[in-house]
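Every read-out reported here was derived from the displayed coordinates using simple, explicitly stated rules and does not represent laboratory data. Here the structure is a predicted model, which means the values were calculated and not measured. As a convention, Cβ positions derive from the backbone with ideal geometry for all residues, glycine included, and neighbour counts pool all protein chains shown.
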Amino acid sequence: MQVSRFNYMVRSPKDPNLVFLYNSFTDNRVAIEEEDIKLEDLFYKIQQKFALNSEEQEAADGLKELGYLLDDEVDEKKVFNDWFEAKVKEQTDYLQITIVTTMACNLRCTYCFEKEQLQNVKMTPEVSEKVIAWLKTRIEQTQCKKLNLIYFGGEPLINVPAIRQIGSAMQGFCQQKKVDFNSGAITNGVLLTPKLVDELKTYGLSWVKITFDGDKETHDKMRIYKGGRGTFDQIFNNLEAIAGKIKINIGGNFNEETADSFYGLLERLKTAKFRNDLGIVRFKPIMEEMTNTPNEPMGSSCKQCIYTDKEIKQMIGLHDATQSAGFRVADPVNLGPCEFYQRNGATIGVSGKVYKCAAFTGMANTHIGDVSSQNFNELGESFLKVSNPFENPKCQSCHFPPICGGGCRANSYTQTGSVGVISCQQNYVAQALQYELPREYYFTEGNSTVH
Ligand code: SF4
Ligand code: SF4
């Protein structure tokens with residue numbers, strides 16, 4: 001018998017005899033009441049191949065059934081590599097495609113990573129037609145069961161005709177091919193109206209993601225019009241007007257000084273008319289190291305980042321408050337691997353160039369192809385090849401490769417000029433588990449322990 005390399009153990013902060021065991025490959029989470037056997041001792045004995053007594057053997061058999069222990073002959077590294085190849089890198093269940101409809105934006109947020117990039121460039125009808133043809137061919141070639149489209153910018157609603165053209169064509173095609181079609185827009189919300197939402201829904205739009213950067217006072221200092229006026233009231237009122245029409249995900253970007261203002265925002269959201277339309281509510285730190293790098297924008301559709309200890313604490317505090325306020329939150333642990341690692345995850349820029357993800361769209365010479373071909377260029381293939389976390393010595397002894405994959409490679413590229421370097425988020429994942437596993441146990445009704 002062997003101990004899974006993907007196990008991670010957290011001791012309860014309230015009860016020294018209670019441990020939570022997590023496995024990053026299976027996502028199994030279990031609470032174990034330690035009586036005569038200490039889990040660490042049991043794992044040590046198994047690793048050292050010491051004989052187990054009957055009680056220990058019984059406990060080991062139970063843990064094996066749950067995937068925390070494995071037969072000796074299992075090559076777990078190979079199991080992981082096979083899974084990574086088939087279920088991440090070459091998965092064909094779904095296409096995850098972000099479409100940048102324009103680089104233009106009607107706001108000038110103070111921290112915007114795209115500031116240098118914002119130009120009045122829109123995806124033309126000709127390019128949109130090529131995007132449609134590219135998507136259709138890819139669906140036919142992969143025989144995928146689902147298409148997820150995200151409209152992104154700049155501000156994607158500045159180019160509604162592109163959404164109309166692509167959305168209506170792909171909705172019809174997916175219906176015909178019996179492919180599940182899902183699309184949403186990451187928008188600042190300033191241009192949202194009930195009429196527009198009604199129209200876009202007929203082209204398959206099923207969600208919008210809106211950003212509030214704190215309560216009104218804080219948001220209005222950060223998310224501003226070109227002339228400097230704040231946007232909180234405009235966005236909030238627009239959401240009130242579309243209440244009941246579409247799912248609304250809420251994001252928010254904080255820094256050390258503004259994090260506390262999000263508690264006021266949560267209070268405001270609790271009484272909003274659109275309260276029942278809310279999907280995921282998630283706040284995260286502004287990524288200074290990327291925002292300060294000119295011409296290198298960071299996509300905000302992704303979920304992974306590298307955070308400092310202070311940011312992690314603030315993020316966990318806000319996550320807790322969001323959940324206590326009765327809103328849905330994203331699982332803080334089960335992150336990825338992100339679309340960078342998938343052949344069928346990509347971002348299409350305004351001119352029809354294909355990128356590995358939205359973070360690369362403004363970086364010179366990082367496109368991996370264009371919509372005239374399904375093939376990736378040499379760079380695209382090399383991006384996919386670097387993405388095996390077990391090539392890195394740190395990852396080889398880490399518990400988290402199945403939910404990390406080596407981290408944000410766009411961040412690696414910005415920092416080092418190479419996607420071959422990992423962007424390690426071990427510290428974040430470990431702290432998120434130390435928070436999340438006890439929280440799930442103590443706040444979930446009807447929980448049970450294994451003895
Ligand atoms: S590489 Fe980074 S920016 Fe790109 S999708 Fe992954 S986590 Fe997001
Ligand atoms: S990058 Fe860090 S967290 Fe991710 S698998 Fe490697 S060592 Fe673990």
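Take Lys245, project a point 7 Å from its Cα along the Cβ direction, then tell me which residues of the range 172-202 have their backbone nitrogen under 18 Å from it.
It comes to 183-202, nothing else.
Taking +1 at the Cβ of each Lys and Arg and -1 at the Cβ of each Asp and Glu, which of Phe50, Ala60, Asn28 sits farthest along the dipole of the range 2-74 towards its positive end, judged by Cα position relative to the Cα centre?
The one lying farthest along the dipole's positive direction is Asn28.
Quick one: Debye curve from the alpha-carbon atoms of the range 133-275 only, equal weights, vacuum; give me log10 I(q)/I(0) at q = 0.10, 0.16, 0.19 Å⁻¹ to two decimals.
Log10 of I(q)/I(0), two decimals: -0.40, -0.87, -1.08.
Using the charge dipole of the chain (Lys, Arg: +1 at Cβ; Asp, Glu: -1 at Cβ; taken about the Cα centre), state which of Asn17, Gly189, Asn365 has its Cα farthest towards the positive end.
Gly189
Out of the range 182-285, which GluC sites (Glu not before Pro) are coil in DSSP terms and have no more than 11 other C-beta atoms within 10 Å?
Glu257
Set the Förster radius R0 to 45 Å, insert the Cβ-Cβ distance between Ala133 and Val329 as r into 1/(1 + (r/R0)^6), and round the FRET efficiency to 0.05. Could you put the intermediate results ahead of the total?
Values: r = 38 Å, r/R0 = 0.86.
Computed FRET efficiency for Ala133 and Val329 comes out at 0.70.
So if R0 is 51 Å, what FRET efficiency would Lys178 and Lys394 give, r being the distance between their Cβ atoms, rounded to the nearest 0.05?
The computed FRET efficiency comes out at 0.70.
To test your reading of the geometry: what angle, between 0 and 90 degrees and rounded to tens, separates the Cα axis of helix 309-324 from the longest principal axis of the chain?
Helix 309-324 sits roughly 80 degrees off the main axis of the chain.
Okay, helix-only estimate at 222 nm for the chain: each DSSP H run of n ≥ 4 adds -39500 (n - 2.57), divide by all residues, round to 500 deg cm²/dmol; what do you get? Provide the component values of the computation, followed by the final result.
Values: 16 runs with 162 residues, N = 451.
When only DSSP H runs of four or more count, the value is -10500 deg cm²/dmol.
Need one number: % antiparallel among DSSP beta bridges in the chain, to the nearest 5. Intermediate results must be reported in sequence, preceding the final value.
Numbers: 19 of 54 bridges.
Rounded to the nearest five, the antiparallel share is 35 percent.
I want to check the label-to-label distance for Glu55 and Lys14. Put each point 7 Å from Cα in the C-beta direction and report it in nm to one decimal.
So the label points at Glu55 and Lys14 sit 2.6 nm apart.
Let me check I've understood the local charge: for Glu240, count other residues with C-beta under 12 angstrom from its C-beta, Lys and Arg +1, Asp and Glu -1. What total comes out?
+2
Which value results for Rg/Rh of the chain when Rg is the Cα radius of gyration and Rh the Kirkwood radius based on the inverse mean 1/r?
For the chain, the value is 0.99.
So if each residue of separation counts as 0.36 nm, and I subtract the Cα-Cα distance between Gln2 and Thr416, what length gain in nm does that give?
145.3 nm
Say R0 is 22 Å: what FRET efficiency, to the nearest 0.05, do Asn255 and Gln119 get from their beta-carbon distance?
The formula returns an efficiency of 0.25 here.
If you take the charge dipole of the chain about its Cα centre, with +1 on Lys and Arg Cβ and -1 on Asp and Glu Cβ, which of Phe327, Leu70, Met123 is farthest toward its positive end?
Met123
Please compute the modelled spin-label separation between Arg108 and Glu65, points set 7 Å along Cα→Cβ, answer in nm with one decimal.
With each label placed 7 Å out from Cα toward Cβ, I get 6.5 nm.
Give the order of His399, His219 when sorted by the count of other beta carbons within 10 angstrom, beginning with the fewest. Mind dumping the intermediate values first?
Values: His399 21, His219 26.
In order of increasing Cβ crowding within 10 Å: His399, His219.
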